[in-house]
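A.B. asks: Just dropping this structure here.
The values are calculated or read from the model by the stated rules, or taken from the named source; none is laboratory data. What you see is a predicted model, and the numbers here were worked out from it, not measured in a lab. Please note: Cβ atoms are built from the backbone with ideal geometry, for glycine as well, and neighbour counts cover all protein chains shown.
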Amino acid sequence: MALAAVPILLASCIPAEEPNTECDIEAVSLHLESPTDIFYHDYDTMQTVISTETDIEFTIRSYANVQSIPTTLRITEGATAYIKSADGTDVPFLNGSAVDFSNEKVQRFHIVSEDKAWSRDYTISVVHEAPSEGNLFFDFESYALDASGKYYVWDAPEVFTDGQWKNGNPGFKISKSSAKPLEYPSTPVANGGPDGSACIKLETCDTGPFGRMVNMRIASGSLFNGIFDVGNALTDALKATQFGTPYLHKPVMLRAWLSYEPGSVFQDRDGNTVEGVIDEPDVYVVFYRNEDAEGNKVQLDGNDVLSSPYIVGLGRLPHNYNADGTDQLSANPIHGLTNQWQEVTIPVEYRAELDANILQNKGYSLIIGFASSWGGAHFKGAIGSKFLIDNVQLFCE
């Protein structure tokens, strides 16, 4: 009897697990018998939701119509989901329930944590694809501070993910929260463009004591279309940067006004000075197949944005390369940029013929990317490198 009582006594010494305080939607799935009658791919019916996202939007073909769709939410453990009724009251939401998404209705969800102390509001909608003429123009005139008031964000065409350019500013906020908005790596310059309009400045910045502690000593100014998952920025920065948007047109050339001034001291990831190396900017257009042979989604990230076997077309600012094709650190950059504005044209070269049917069904994705240090993804570059960009044009066939 004494021995039998031991586990009971030990168990009584273990504190009860505290209720979960998280209240996030982690993923949303829409259930359809024939997904590709409405969506371009089967996998378009499921979205993983990053930690900073609260407006979840599914895009369908321009001619498709939807009514009520069975919907499943994956939420944090212990949390409870509610859907807002027409009169604004919270109604418990059961996974698999049909949700009315007709006429692009925006449905509102309220997620309450297990401990009932926290909650978060989300919207979910199903919208028709915005018409696109193919050619795109970006003048970086439309920008504003983000919801936190800490850094700037830029509007982009509707064809881009959630209609915004992405950059590493949210990650810089983690490492250097004391920075003012114009001290971030990606900032606007009012009246700074070659035509006197606003332009964008990408600058390689010191991430401060916290950055040194996690061995992420610099932050390259960046701009791209896709997703930046700030929740994974510290654990896997390359994976957190997800590039590209499905695109219906074949890009053939990028033209942009650019100027560049490298920082004075190039450093490696450990902060050591690398003598005889001049920092360089990066500009690239990538067109890649976004589905593998088994129908699984392909999403390029910082690990393979320029090297993936799924890339079919690539255009990039000129650089020196090693014999194996990798980037070469150099004292003699060949990109030709100076601190004076100049118009640069970058053609897109194709490694394979595009399949017209795949193109029509958004089977390829487009990436447009810029960086103030081309080794910035690996935390190599020169603090103070400044890259000015304006009046970017993408031409399509």
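A.B. asks: Looking at the stretch 216-248, which of its residues are among the hydroxyl-bearing types (S, T, Y) and in contact (Cβ under 8 Å) with a residue 24 or more places away in the chain?
C.D. replies: S220, S222, T241, T245, Y247
A.B. asks: When P170 is evaluated against the numbered criteria (1) free of Cβ contacts under 8 Å to residues at least 12 places away in the same chain; (2) assigned to a helix (DSSP H, G or I); (3) not polar (S, T, N, Q), which criterion, by number, is the only one it fails?
C.D. replies: Condition (1) is where P170 drops out.
A.B. asks: I'm checking my understanding of the structure. Among residues of the stretch 15-54 that are of a type in the set (S, T, N, Q) and under 22 Å from E77 (Cα atoms), which one is surrounded by the most Cβ atoms within 10 Å (Cβ to Cβ)?
C.D. replies: Across the stretch 15-54, the extreme among qualifying residues is Q47.
A.B. asks: Quick check, is S259 under 25 Å from K380 (Cα atoms), in the same structural domain as D229 (by TED's automatic domain parsing), surrounded by fewer than 20 Cβ atoms within 10 Å (Cβ to Cβ) and at pLDDT 95 or above?
C.D. replies: Answer is no for this residue.
A.B. asks: Sticking with this one: Restricting attention to the stretch 168-193, and to residues there that are at pLDDT 95 or above and in contact with a Leu (Cβ under 9 Å, 6 or more places away or on another chain), which single residue is surrounded by the fewest Cβ atoms within 10 Å (Cβ to Cβ)?
C.D. replies: P181
A.B. asks: A follow-up question, please. Against the definition (within 23 Å of the chain's Cα centre (by Cα), among the small types (G, A, S) and surrounded by fewer than 15 Cβ atoms within 10 Å (Cβ to Cβ)), how does S148 come out, yes or no?
C.D. replies: Considered against the rule, which asks whether it is within 23 Å of the chain's Cα centre (by Cα), among the small types (G, A, S) and surrounded by fewer than 15 Cβ atoms within 10 Å (Cβ to Cβ), S148 comes out as yes.
A.B. asks: Can you say whether G193 is in the same structural domain as Q360 (by TED's automatic domain parsing) and on the phi < 0 side of the Ramachandran plot, as far as the supplied structure shows?
C.D. replies: Against the criterion (in the same structural domain as Q360 (by TED's automatic domain parsing) and on the phi < 0 side of the Ramachandran plot), G193 qualifies.
A.B. asks: Among the residues of the stretch 171-219, which ones are of a type in the set (A, V, I, L, M, F, W, C) and within 26 Å of D390 (Cβ to Cβ)?
C.D. replies: Selection gives F172, A179, L182, V189, A190, A198, C199, I200, L202, C205, I218, A219.
A.B. asks: I need the full set of residues from the stretch 383-394 which are surrounded by fewer than 24 Cβ atoms within 10 Å (Cβ to Cβ) and more than 19 Å from P194 (Cβ to Cβ), in order please.
C.D. replies: Hits for the stretch 383-394 are I383, G384.
A.B. asks: What is the residue count in the stretch 194-224 for residues that are in contact with a Leu (Cβ under 9 Å, 6 or more places away or on another chain) and among the β-branched types (V, I, T)?
C.D. replies: Residues that pass the stated criteria total 2.
A.B. asks: Among the residues of the stretch 52-76, write down those that are touching a strand residue (DSSP E or B) at 6+ places or on another chain (Cβ under 7 Å), assigned to a loop (DSSP other than H, G, I, E, B) and within 24 Å of K166 (Cβ to Cβ).
C.D. replies: Passing the criteria: only T54.
A.B. asks: Further question: Can you work out which of the residues in the stretch 79-104 that are of a type outside the set (S, T, Y), part of a loop (DSSP other than H, G, I, E, B) and modelled with pLDDT of 95 or more is surrounded by the most Cβ atoms within 10 Å (Cβ to Cβ)?
C.D. replies: Filtering the stretch 79-104 for residues that are of a type outside the set (S, T, Y), part of a loop (DSSP other than H, G, I, E, B) and modelled with pLDDT of 95 or more, the one surrounded by the most Cβ atoms within 10 Å (Cβ to Cβ) comes out as A79.
A.B. asks: Tally up the residues in the stretch 55-65 that are of a type in the set (F, W, Y) and surrounded by 15 or more Cβ atoms within 10 Å (Cβ to Cβ), please.
C.D. replies: Residues flagged as of a type in the set (F, W, Y) and surrounded by 15 or more Cβ atoms within 10 Å (Cβ to Cβ) within the stretch 55-65 amount to 1.
A.B. asks: Quick one: G134 ticks every box in (1) of a type outside the set (S, T, N, Q); (2) touching a His at 6+ places or on another chain (Cβ under 8 Å); (3) under 24 Å from Q164 (Cβ atoms); (4) at pLDDT 95 or above bar one, so which box is it?
C.D. replies: (4)
A.B. asks: With respect to A377, is the statement that it is of a type outside the set (D, E, K, R) and buried (at least 19 other Cβ atoms within 10 Å of the Cβ) true?
C.D. replies: Judged against the criteria, A377 is a match.
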